[in-house]
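Novice: Starting off with a structure, shown below.
Derivation of every value follows stated rules applied to the coordinates shown; laboratory data play no part. Given the structure is predicted, the values throughout are model-derived calculations rather than measurements. Positions of Cβ are backbone-derived with ideal geometry, glycine not excepted, and every protein chain shown enters the neighbour counts.
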Amino acid sequence: MRTLISLLVANALMLSASAYANDVDIQRDSLNKTDAQKIAELKQQLVDINDELDDINNRVDKNERHTALDRIEITGDFRTKVHSLHYQDVTWNPAINVDFNDFGAKAMSGEFGMPDDANSPLAKMMAANPNLATAFQNGQLQGNLPYVLSPKSVQDIDNDLYYTTRLRLNLKAKVWDNVSFAGRLSMFKNWGDSTGVQVFDSWRSFTMDGTNSGNPSGDWLRVERAYFDWKNINGSPLYLSIGRRPSTYGPPTQYRENEKRGGTPSGHLVNFNFDGATMGYHLSDITGVEGQVVRFCYGQGFESQWGNGEMFGDIVTKDTHLGGFNIDVVNDGKNFLQLTLFGAKDVNDGFKGTMAFPTQLAEIFAPTMYQDMQKFEDFNFVTRVQPSDVIGDMFLGGIGFAREEDNDVKWFVSGGWTRADGNGNAGMFGGMLTDAVFEAQLNADSSEIIMMPSAAEENDAKDGYGIYVGVQIPAPYGKVGLEYNYGSEYWTPFTQAQDDPIGSKLATRGHVAEAYYMFDINPRMFIKLAGLYYDFEYTGSGTPVGKPQKVDDVVAGTAYSMLPVVDTAYDVNASLTVNF
């Protein structure tokens, strides 16, 4: 019995073990199958998660890039232009106005040595200028008289093909809800030329801070504009802007450029790079007149000390400060009326800049250097120049009106006034719209008589005026424009940065007529065909330095000019502009 029970228990245990083993195998198979499914599902989930992460990363990267680009927006324009330039009766008839009474007194006193001593400065001068010696001995040289420096030359000059390229990059950035930054980088160059320095044959050829955006220089970008705008200060209509302000291509000059308003002040009075500040107030919030804004503008046009060798303690020039008001009386999208009034305090007889010294002037003013220059006929040394004295103050004012009709006809009229208030000082090229009076002096080693400017001929105030009118009419494939401007004898606006190669047409003392046809290729591309004709009545267009002479008198030889003078000129040009 015990044996039977043992066998039954053993058999039961075996059956139980077998059943348990079978159950474990079934569970193991089930578990293995479940794990495989779970692993497969986990793998798929990982794939899905990775895909989702990649999608999120792509979206984040795109947003980050978009945010970064939003912080600074870049637009611009590219223009290539060809001119055919022609100048008639280009006359060079240089002379200086010498105080011969002073010269005679010094010569008679023996200050310049004895005339019978061949080695004396006086004898050397008389030997080099026999006609001057004869006139002096005959008593013909009295008072202030022209001292001719070189024989007169008259010629026509043609530059049949003159190419330029201009690239401008506009920068914008939102700093805060009511604060923004704006800037413009400009490259303006002649084809095949990046020297950056021109031979000084006119005031336009002088490269300086205020005009480098409109003066072809080279294949580098310059900062034409860089400023911030702080609007709605404390929730008011008041705003403030400081930096290299937009003071070029102001109204109504934007029409001939086929652009929106480019600068704050009147383009008839100002086209010049300025560093300064503007505080404005939107009067339209009070008056209800659309677009009515009043602005007070301040700027500095010249730094007299830094970089001028001030540590030697011989600086006589002063900083030039500018200030005034610019008022948009109405600006409703159809009608635009603007008033401008400002002044420039302590204007000097030039600016800091660089130039290539012309051989012709070296022969006159630096004979020793000129002898060395003969060994290098085509070389002109580059020099940094700066003004020599403060010559007075200037004031400018104007009123301009423009209207855009419903039929897309646009027209404008602008009147300007300038006043030059001289102080009696003068440099080599003159004082404030007056010539310099030169006096004879001995050089540093008392071996040579040299002529140095001592004072201005006049120091009274001189008023000038200018008018500027134009119309733009829709035409097949684009628009046609006609413009005319005139400047009087003493007309002296600050438009030297205008990029007309013959010279700023709006600074011309005389007449300028312009006609153009703009062909719209697409909304961001156009071709412009244009022609400008200049009829200069007075010399010195675009500069307050020196007395304006009648051009006809200079050509006839009865008046003089230190720099070449143009009688008439014309510019036929074609350009292609792309905005991006």
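Novice: Give the value in nm², to one decimal: projected area of the alpha carbon convex hull of region 307-432, averaged over all directions.
Specialist: 12.8 nm²
Novice: Along its principal axes, what span do the Cα atoms of region 374-524 show, with the longest given first and each in whole Å?
Specialist: Cα spread of region 374-524 along its principal axes, largest to smallest: 74, 44, 22 Å.
Novice: For region 483-488, what does the Karplus curve 6.51 cos²θ - 1.76 cosθ + 1.60, with θ = phi - 60°, yield as ³J(HN,Hα) per residue in whole Hz, taken in order and with x for Gly and Pro?
Specialist: Couplings: 9, 8, 9, 9, x, 7 Hz.
Novice: Suppose a student asked you for the relative contact order of the chain, using Cα pairs under 8 Å spaced at least 6 residues apart; what percent would you report?
Specialist: 14 percent
Novice: Here is the link list: 152/550; 462/505; 462/528; 231/479. Which ones come out longer than 27 Å on Cα distance?
Specialist: In this structure, 462/528; 231/479 lie more than 27 Å apart at Cα.
Novice: Give the cross-link partners of residue 189 among the lysines, using a straight C-alpha distance below 17 Å as the criterion and excluding same-chain residues fewer than 8 apart.
Specialist: Cross-link targets: 81.
Novice: Still on this model: Which cross-chain or sequence-distant (5 or more) residues have an amide H under 5 Å from the amide H of residue 458, H modelled 1.01 Å from N in plane?
Specialist: Excluding prolines and chain starts, which carry no amide H, the hits are 435.
Novice: Please report, in Å, the Rg and the Dmax of region 443-580, where both are computed over Cα atoms only.
Specialist: 20.1, 73
Novice: With charges only on Cβ, +1 for K and R and -1 for D and E, what is the dipole size of the chain about its Cα centre, in debye, rounded to 20?
Specialist: 1860 debye
Novice: Rounded, prolate or oblate: pick one for region 166-235, where a ≥ b ≥ c are the square roots of the eigenvalues of its C-alpha gyration tensor, a/c under 1.5 means rounded, and failing that, prolate if a/b is larger than b/c, else oblate.
Specialist: It comes out prolate by the Cα gyration axes.
Novice: Still on this structure: By count of other Cβ within 10 Å, fewest leading, how are 414, 84, 561, 447 ordered?
Specialist: Starting with the residue having the fewest Cβ neighbours, the order is 447, 84, 561, 414.
Novice: Just to be sure I follow: if Rg is taken over the C-alpha atoms of region 71-151 and Rh is the Kirkwood radius over the same atoms, what is Rg/Rh?
Specialist: When Rh is taken as the Kirkwood radius, the ratio is 1.47.
Novice: May I pose another question? Treat the count of other C-beta atoms within 10 Å as a stand-in for reagent exposure and order 80, 317, 253 from fewest to most.
Specialist: Going from sparsest to densest Cβ surroundings: 80, 317, 253.
Novice: For region 136-151, take each phi angle, set θ = phi - 60°, evaluate the Karplus expression 6.51 cos²θ - 1.76 cosθ + 1.60, and give the result in whole Hz per residue in order, putting x for glycine and proline.
Specialist: So the Karplus estimates, Gly and Pro as x, are 5, 5, 8, x, 8, 9, 9, x, 8, 9, x, 10, 5, 9, 7, x Hz.
Novice: Around residue 292, which amide H atoms from residues at least 5 apart in sequence, or from another chain, sit under 5 Å from its own amide H, with H modelled in the peptide plane?
Specialist: 284, 331
Novice: Counting only residues 5 or more places away or on other chains, whose amide H sits under 5 Å from the amide H of residue 448 once H atoms are built in the peptide plane?
Specialist: So residue 448 has HN proximity to 443.
Novice: With the cut-off at 29 Å, report for the chain the share of all Cα pairs above it, as a whole percent.
Specialist: 64 percent
Novice: By per-residue mean of other Cβ atoms within 10 Å, what is the highest-first order of 452-459, 204-211?
Specialist: Answer by packing, highest mean first, reads 204-211, 452-459.
Novice: Additional query: Which one, 472, 87, 342, projects farthest toward the positive side of the charge dipole computed for the chain from Cβ point charges (K/R +1, D/E -1)?
Specialist: Ranked along the dipole, the leading option is 472.
Novice: Could you work out the local net charge near residue 224, counting Lys and Arg as +1, Asp and Glu as -1, over the other residues with Cβ closer than 12 Å to its Cβ?
Specialist: Local net charge: +4.
Novice: With +1 on the Cβ of every Lys and Arg and -1 on the Cβ of every Asp and Glu, and nothing else charged, how large is the dipole of region 69-202 about its Cα centre, in debye rounded to the nearest 20?
Specialist: The calculation lands at about 760 debye.
Novice: Express the relative contact order of region 151-257 as a whole percentage, based on alpha carbon pairs under 8 Å and six or more residues apart in sequence.
Specialist: 23 percent
Novice: Now a separate question. Taking θ as phi - 60°, what are the ³J(HN,Hα) couplings along region 244-259 by the Karplus curve (6.51, -1.76, 1.60), each to the nearest whole Hz, with x for Gly and Pro?
Specialist: Running phi through 6.51 cos²θ - 1.76 cosθ + 1.60 with θ = phi - 60° gives 7, 6, x, 10, 10, 6, x, x, x, 6, 5, 5, 6, 8, 6, 10 Hz.
Novice: Further question: Counting helices only, and only those DSSP H runs with n ≥ 4, report the 222 nm mean residue ellipticity of the chain as the sum of -39,500 (n - 2.57) divided by its residues, in deg cm²/dmol to the nearest 500.
Specialist: After summing the helix terms and dividing by residue count, I get -7000 deg cm²/dmol.
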